[in-house]
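These notes are about the structure you will find just below.
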Amino acid sequence: MSDLHRTAFIEEAHEILGQLEIDLLELEGSPENSDLIGTVFRHMHTLKGSSAMFGYNAVSDFAHQVETVLDQVRDGRLAVTRELIDLILRARDLIRLMLEDADDTGSIDPAAGAEILAALQELAAEPPHSAPQLAPTPALPPQPSAGASVTYRIRFIPAADIFLCGTNPVCLFNELRSLGELILRADTDRIPALEKIDAESCYTGWDILLHSAAPLETVREVFLFVEDEGELSIKIVPEEGSVDQPPLGEILVDRGDLSPQALKEQLGRQKKLGEMLVESGLVTPRRVDSALAEQRMVKTLREKRQQTEQQSTIRVPAERLDHMVNLVGEQVTIQARLNQLAQQLKNPELTAVAEEVTRLTTDLRDSTLNIRMLPIGATFAKFRRLIRDLSGELGKEIVLTTDGEETELDKTVIEKLNDPLVHMIRNCIDHAIETPEARLAKGKPAQGTIHLAARHSGDSVTITIADDGAGLDRQAILAKGIERGLVAPQTELSEEEIFALIFAPGFSTAQAVTSISGRGVGMDVVKQSLEELRGSIDVHSEYGRGTTFTVRIPLTLAIIESLLVRVGGDHYMVPLALVEECMFLTAQDVERTHGRQMVNIRDRLVPYIRLREQFAADGSPPAMEQLVIASFDGKFVGFAVDAIVGQYQTVIKSLGKAYKNVEGIAGATILGDGSVALILDVPKLYQTAARESSAA
Amino acid sequence: MFKTTLTMEHPGAGILHLEGAATIEFGKQLHRALREALDRTQTLSVSVAKLTAIDVCGLQLLCAAHRSALLNYQCLSLGRERSAAFAAQVRETGFHSAQPGTCLRAEGQTCLWAESPSAIDCEAL
């Protein structure tokens with residue numbers, strides 16, 4: 001077995017484990033969902049089978065024993081309880097560790113597996129009546145899981161007077177067509193001869209196959225006004241299980257006990273079941289034909305789906321994508337050089353080629369960056385487990401609601417976003433949401449809510465983390481700020497400024513340090529992490545009602561839309577998302593403020609930084625400088641430059657280890673002429689300027 | 001509006017022309033026209049080229065006429081030229097896949113809705 005196959009197995013196993021966790025948490029919320037029980041069972045079954053195939057026998061044995069317990073759940077002999085979900089989740093975590101520790105480094109406690117299995121077996125040994133309310137209800141028809149398409153078999157024989165009641169069956173069929181793929185077969189068996197027919201009565205029935213993701217109720221609703229009078233049956237056509245069961249003949253051929261030719265001959269002699277049934281008069285040819293149509297439809301749809309699944313995804317190592325993005329970055333740079341050259345040479349043919357290359361490069365760049373886009377939903381799903389476990393540990397009742405899971409972000413951004421979000425959610429659980437008793441005393445529902453939402457907003461994504469907990473205590477924050485010397489006593493601060501104190505290093509108003517949070521190491525790190533992602537964070541809170549953190553993050557870290565400016569012979573870039581306006585800075589403006597670097601913009605005094613001084617550029621400034629006004633977190637700052645070159649979209653290059661800690665610079669890019677332009681870190685430059693100003 | 005005209009092409013062989021909307025409002029009229037046409041012919045072709053609409057009620061009547069014809073050893077078929085409205089309705093109501101129905105009593109007999117060449121046998125008038 002090659003390492004490549006093992007790596008592919010491990011990746012797939014992790015995906016299954018991720019989905020298993022999501023499904024287990026969902027099952028806890030709807031313990032009677034037999035479909036979900038089946039899915040959980042299948043996950044464990046797949047893990048068992050594939051781990052055995054790849055030589056992970058310990059994983060396979062362990063999964064087998066968990067699967068045995070899940071089989072009891074599937075059969076309705078064991079109820080789904082929180083305790084059971086706890087144990088299966090622990091089993092899932094252990095399998096993950098076992099896969100990670102394939103070399104048996106001894107990092108796994110050998111007793112852990114035995115302990116989980118003993119607890120599971122103990123649970124399985126209890127009589128099912130111990131938790132009868134959670135037993136699956138076999139009376140309920142199976143439901144398609146959300147988003148999954150199923151095939152419905154519908155037999156509809158309307159009442160004879162359906163036409164006279166003003167109902168046209170075609171309208172019903174059109175409604176069904178809007179739900180999915182439809183195959184209709186009219187059953188004309190009941191139509192009498194012309195001598196006996198009543199011209200205005202309905203004798204036709206229909207066998208319908210509908211392949212749709214719509215739930216059963218939606219399908220049934222189509223027939224809402226006609227089902228009472230006629231005959232209606234809607235059933236889900238069962239699909240083959242995950243385990244293929246090859247026919248006997250194929251097994252014998254596989255084993256070499258029978259030649260394919262001999263099998264074909266024998267099968268040729270055999271009469272088809274449909275023919276035998278028709279001959280015996282048990283069913284009409286039409287019924288057999290209808291059933292064969294169903295068989296064909298299910299087969300076609302399955303083949304189509306398998307083909308789509310096979311063709312629609314391809315597993316590629318992330319490093320290859322990163323390499324591709326780097327190459328595209330190089331191409332963007334070369335393309336800029338080509339454009340510049342075409343402009344200089346003024347050769348129409350070269351200009352035409354350069355324009356074509358620009359168009360192709362832009363498409364290539366967008367497509368390449370799109371490949372790395374992932375929905376944030378998977379990250380949100382991970383928090384469900386975090387909230388479940390931590391709230392249980394703290395004796396709190398917390399539910400997670402989410403919105404905008406489909407919002408896509410660059411893979412790198414999502415990875416880097418994980419830690420700050422985990423930190424904020426842990427804070428919500430530990431400090432924000434009160435205990436059920438405290439909540440009830442305040443007139444709130446016992447169960448607290450954490451809401452995670454994501455949405456696109458221009459070239460950024462906004463993520464909100466909202467809770468309905470205690471809210472931030474302004475007075476306590478201010479007092480702590482004064483105590484820590486962050487704010488001078490008697491200083492009047494706006495609510496926004498007071499809340500901003502929570503992002504100061506070492507700030508915490510928690511009375512006690514818990515294992516989860518409260519050491520005051522956190523929100524400053526969160527803010528710093530987000531700023532490293534060129535993002536920002538805002539907080540809004542109502543005391544007693546809850547807190548909302550709003551995080552803004554660029555869609556991608558690989559590319560930036562910026563304003564290119566020039567100072568002396570050097571170029572700098574200001575992230576366009578932060579630019580508010582541009583204006584001239586005249587000698588009179590400078591004079592008016594008596595040399596203080598402030599400018600009055602519509603009655604607002606905005607400080608500005610001379611980039612020439614900041615970066616010690618050579619030469620002297622022009623008579624009339626230009627000022628780029630940028631804003632972030634509600635703060636305004638200007639940058640005095642020699643000239644504004646224009647808008648520029650570029651690929652960000654890191655500065656390397658030696659320069660990565662240079663304050664005020666977020667990165668660099670290569671311009672069309674091959675020179676380097678530095679990307680300004682606006683918040684950092686503002687902080688530096690503010691620090692120097694207060695020191696002065 | 002709905003109009004039916006029977007034209008006798010040969011002795012015992014005729015074409016019933018259906019024109020307009022063969023819908024429930026005109027169900028009785030179509031029923032009557034089909035019965036009369038079968039009474040007068042041994043081989044009947046029903047022309048649906050000028051149908052602007054037809055509903056399940058009309059399709060059932062054609063099916064019933066075909067059944068009667070088979071029972072009485074007559075030949076009834078649909079004309080080769082079919083209006084778009086007729087063809088669409090046959091498809092949308094699942095009549096196109098209704099064959100083989102129980103109206104088939106013997107081998108070689110074809111369902112009215114089949115689109116195979118044998119379905120237009122009677123058109124060789």
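Each reported figure results from applying straightforward, stated rules to the coordinates on display, with no laboratory input. Please read these numbers as outputs of a predicted model, since none were measured by experiment. Neighbour counts are summed over all protein chains in view; Cβ atoms, including those assigned to glycine, are modelled from backbone coordinates with ideal geometry.
Sequence gap at least 6, Cα distance under 8 Å: using those rules, report the relative contact order of segment A:305-408 to the nearest whole percent. Display every interim value, and only then the final one.
On the way: 54 pairs, mean separation 26.0, N = 104.
Taking the mean separation of contacting Cα pairs over the length of segment A:305-408, I get 25 percent.
For the pair A:Thr586 and A:Glu492, what calculated FRET efficiency results from E = 1/(1 + (r/R0)^6), where r is the Cβ-Cβ distance and R0 = 35 Å, to the nearest 0.05? Please list the in-between numbers first.
Numbers: r = 34 Å, r/R0 = 0.98.
E(calc), rounded to 0.05, equals 0.55.
Tell me, what is the FRET efficiency for A:Lys346 and A:Lys442 to the nearest 0.05, using R0 = 45 angstrom and their Cβ-Cβ distance as r?
On the way: r = 74 Å, r/R0 = 1.64.
With a Förster radius of 45 Å, E is 0.05.
Suppose R0 equals 22 Å; then what is the FRET efficiency for A:Leu232 and A:Lys196 from their Cβ-Cβ distance, rounded to the nearest 0.05? Spell out each step's value before the answer.
Working: r = 26 Å, r/R0 = 1.17.
The calculated FRET efficiency here is 0.30.
What average number of partner chain Cβ atoms lie no more than 10 Å from the Cβ of the residues making up B:54-63?
Working: counts 0, 4, 11, 10, 1, 4, 14, 4, 2, 9.
Other-chain Cβ atoms within 10 Å of each residue's Cβ, averaged: 6.
Where does each of A:560-570, A:593-603 land if you order them by average Cβ count within 10 Å, highest first? Before the final figure, lay out the partial values.
Details: A:560-570: 19.3, A:593-603: 12.0.
Ranking the peptides A:560-570, A:593-603 by packing returns A:560-570, A:593-603.
In debye, nearest 20, what is the charge dipole magnitude of the protein assembly as shown about its Cα centre with +1 on Lys and Arg Cβ and -1 on Asp and Glu Cβ, if you could check? Numbers along the way, then the final one.
Working: 80 positive and 116 negative charges, 233 e Å.
It comes to approximately 1120 debye.
Charges at C-beta only: +1 for Lys and Arg, -1 for Asp and Glu. How large is the resulting dipole of segment A:540-596 about its Cα centre, in Debye rounded to 20? If you can, show how the numbers build up before the last one.
Values: 5 positive and 7 negative charges, 35 e Å.
Charge dipole of segment A:540-596: 160 debye, to the nearest 20.
Just to confirm a number: summing +1 for Lys and Arg and -1 for Asp and Glu over residues other than A:Thr361 whose beta-carbon lies under 14 angstrom from that of A:Thr361, what do you get?
Working: positive: A:Arg337, A:Arg359, A:Arg365; negative: A:Glu330, A:Glu355, A:Glu356, A:Asp363, A:Asp366.
Counting the neighbours of A:Thr361, the net charge comes to -2.
Sort A:263-273, A:177-187 by the packing proxy (mean of other Cβ within 10 Å over each peptide's residues), most packed first. Can you show the working numbers first?
Working: A:263-273: 10.1, A:177-187: 18.8.
With the highest mean Cβ count within 10 Å placed first, the list reads A:177-187, A:263-273.
When each pair of different Cα atoms in chain A is counted once in the 1/r mean, what is the Kirkwood radius in angstroms, to one decimal? Intermediate values should be presented prior to the final figure.
Working: mean 1/r = 0.0316 Å⁻¹.
Computed over Cα pairs of chain A, the Kirkwood hydrodynamic radius comes out at 31.6 Å.
Considering segment A:305-405, what Rg and Dmax in Å follow from its alpha-carbon atoms?
Expressed in Å, the Cα Rg and Dmax of segment A:305-405 come to 23.0, 74.
Across peptide B:64-74, how many C-beta atoms of other chains are within 10 Å of each residue C-beta, on average?
Average per residue, whole number: 4.
Which order do A:Leu680, A:Leu25 fall in if you start with the one that has the fewest other Cβ atoms within 10 Å?
Values: A:Leu680 27, A:Leu25 17.
Ranked by crowding around the Cβ, least crowded first: A:Leu25, A:Leu680.
May I ask which residue of A:Leu394, A:Gly377, A:Gly180 lies farthest towards the positive end of the charge dipole of chain A, with charges of +1 (Lys, Arg) and -1 (Asp, Glu) on Cβ and the Cα centre as origin?
Most positive-ward Cα: A:Gly377.
Binning at 5 angstrom from zero up to the longest distance, how are the C-alpha pair distances of segment A:611-681 distributed in percent?
Distribution as computed: 3, 12, 20, 24, 25, 13, 3, 0 percent.
Give, as ranges by residue number, the residues of segment B:43-77 whose backbone N falls under 14 Å from the point 7 Å along Cα→Cβ of B:Thr7.
B:45-50
Listed highest first by mean packing, meaning other Cβ atoms within 10 Å per residue, what order do A:76-88, A:384-396, B:2-14 come in?
Details: A:76-88: 19.2, A:384-396: 17.1, B:2-14: 14.5.
Per-residue Cβ counts within 10 Å, averaged per peptide and sorted highest first, yield A:76-88, A:384-396, B:2-14.
What is the distance, in nm, between label points placed 7 Å from the Cα along the Cα-to-Cβ direction at A:Glu483 and at A:Tyr659?
Those two pseudo-labels are separated by 4.4 nm.
Placing +1 at every Lys and Arg Cβ and -1 at every Asp and Glu Cβ, with all other atoms neutral, what dipole size does segment A:262-388 have around its Cα centre, in debye to the nearest 20?
Details: 22 positive and 15 negative charges, 185 e Å.
I would put it at about 880 debye.
Around A:Leu452, what is the net charge, scoring Lys/Arg as +1 and Asp/Glu as -1 over all other residues with Cβ under 12 Å from its Cβ? The partial results should precede the final answer.
On the way: positive: A:Lys382, A:Arg384, A:Arg455; negative: A:Asp403, A:Glu405, A:Asp467.
Value of the local net charge: 0.
Which whole-number percent gives the relative contact order of chain A, counting Cα pairs below 8 Å spaced six or more residues apart?
On the way: 989 pairs, mean separation 53.7, N = 696.
Once normalised by length, the contact order is 8 percent.
Per residue of A:443-451, how many C-beta atoms from partner chains lie within 10 Å of its own C-beta, taken as a mean?
Numbers: counts 0, 0, 0, 0, 0, 0, 0, 0, 0.
Average per residue, whole number: 0.
Label A:Ala262 and B:Lys28 with points 7 Å out from Cα along Cα→Cβ: what is the distance between them in nm?
Result: 7.2 nm between the two label points.
With helices defined as uninterrupted DSSP H runs, which ones in chain A have an alpha carbon span along their own long axis of at least 15 Å and mean Kyte-Doolittle hydropathy of at least 0.5?
Numbers: long enough: A:3-29 (39 Å, -0.04); A:34-53 (28 Å, 0.09); A:57-74 (24 Å, -0.18); A:82-100 (27 Å, 0.42); A:110-125 (24 Å, 1.00); A:285-312 (39 Å, -1.60); A:318-345 (40 Å, -0.17); A:348-371 (35 Å, -0.18); A:377-394 (26 Å, -0.09); A:411-427 (25 Å, -0.29); A:682-695 (20 Å, -0.51).
Qualifying helices: A:110-125.
Taking a spot 7 Å from the Cα of B:Ala85 along the direction of its beta carbon, which residues of segment B:16-48 have an amide N less than 20 Å from it?
Answer for segment B:16-48: B:16-34, B:46-48.
Among A:Gly569, A:Val59, A:Gly38, pick out the residue whose Cα is farthest towards the positive end of the charge dipole of the protein assembly as shown, where Lys and Arg carry +1 and Asp and Glu carry -1 on C-beta, about the Cα centre.
Sorting the options by dipole projection puts first A:Gly569.
What residues have an amide H closer than 5 Å to that of B:Val46, excluding those fewer than 5 places away on the same chain, when H is modeled at 1.01 Å from N in the peptide plane?
Residues meeting the amide H criterion: B:Leu16, B:Ser77, B:Leu78, B:Gly79.
Under 5 Å between amide H atoms, partner at least 5 residues away or on a different chain: which partners does A:Thr449 have, H built in plane at 1.01 Å?
Long-range HN contacts for A:Thr449: A:Val399, A:Asp468.
Among the aspartates and glutamates, which fall within straight-line cross-link reach of A:Lys235, defined as a Cα-Cα distance under 19 Å, with same-chain neighbours fewer than 8 residues apart omitted?
Hits, sequence-local ones excluded: A:Asp35, A:Glu175, A:Glu181, A:Asp187, A:Asp207, A:Glu217, A:Glu221, A:Glu227, A:Asp289, A:Glu294.
Would you be so kind as to identify which of A:Phe507, A:Ile88, A:Ser529 lies farthest towards the positive end of the dipole of the protein assembly as shown, taking Lys and Arg as +1 and Asp and Glu as -1 on Cβ and the Cα centre as origin?
The residue sitting most towards the positive pole is A:Ser529.
If you add up the charges near A:Ser280, with Lys and Arg at +1 and Asp and Glu at -1, over every other residue whose beta carbon is less than 15 angstrom from its beta carbon, what do you get?
Numbers: positive: A:Lys271, A:Lys272, A:Arg287; negative: A:Glu275, A:Glu279.
Net charge around A:Ser280: +1.
In terms of Cα to Cα distance under 29 Å, which lysines are near enough to B:Lys3, apart from those fewer than 8 places away along the same chain?
In chain and number order, the partners are A:Lys196, B:Lys28, B:Lys50.
Spin-label point model (7 Å from Cα, Cβ direction): what's the A:Ala8 to A:Thr435 distance in nm?
So the label points at A:Ala8 and A:Thr435 sit 5.4 nm apart.
What ³J(HN,Hα) values, in whole Hz, does the Karplus curve 6.51 cos²θ - 1.76 cosθ + 1.60 give for segment A:75-80 when θ = phi - 60°, with x put for Gly and Pro?
7, x, 8, 9, 8, 7
Can you compute 3J(HN,Hα) from phi for each residue in segment A:203-214, using the Karplus curve 6.51 cos²θ - 1.76 cosθ + 1.60 with θ = phi - 60°, rounded to whole Hz and x for Gly and Pro?
Per-residue couplings from phi come out as 10, 8, x, 9, 9, 10, 10, 10, 9, 8, 8, 5 Hz.
Rounded to the nearest 5, what % of DSSP beta bridges with both residues in the protein assembly as shown are antiparallel? The partial results should precede the final answer.
On the way: 92 of 118 bridges.
Restricted to the protein assembly as shown, the bridges split so that about 80 percent are antiparallel.
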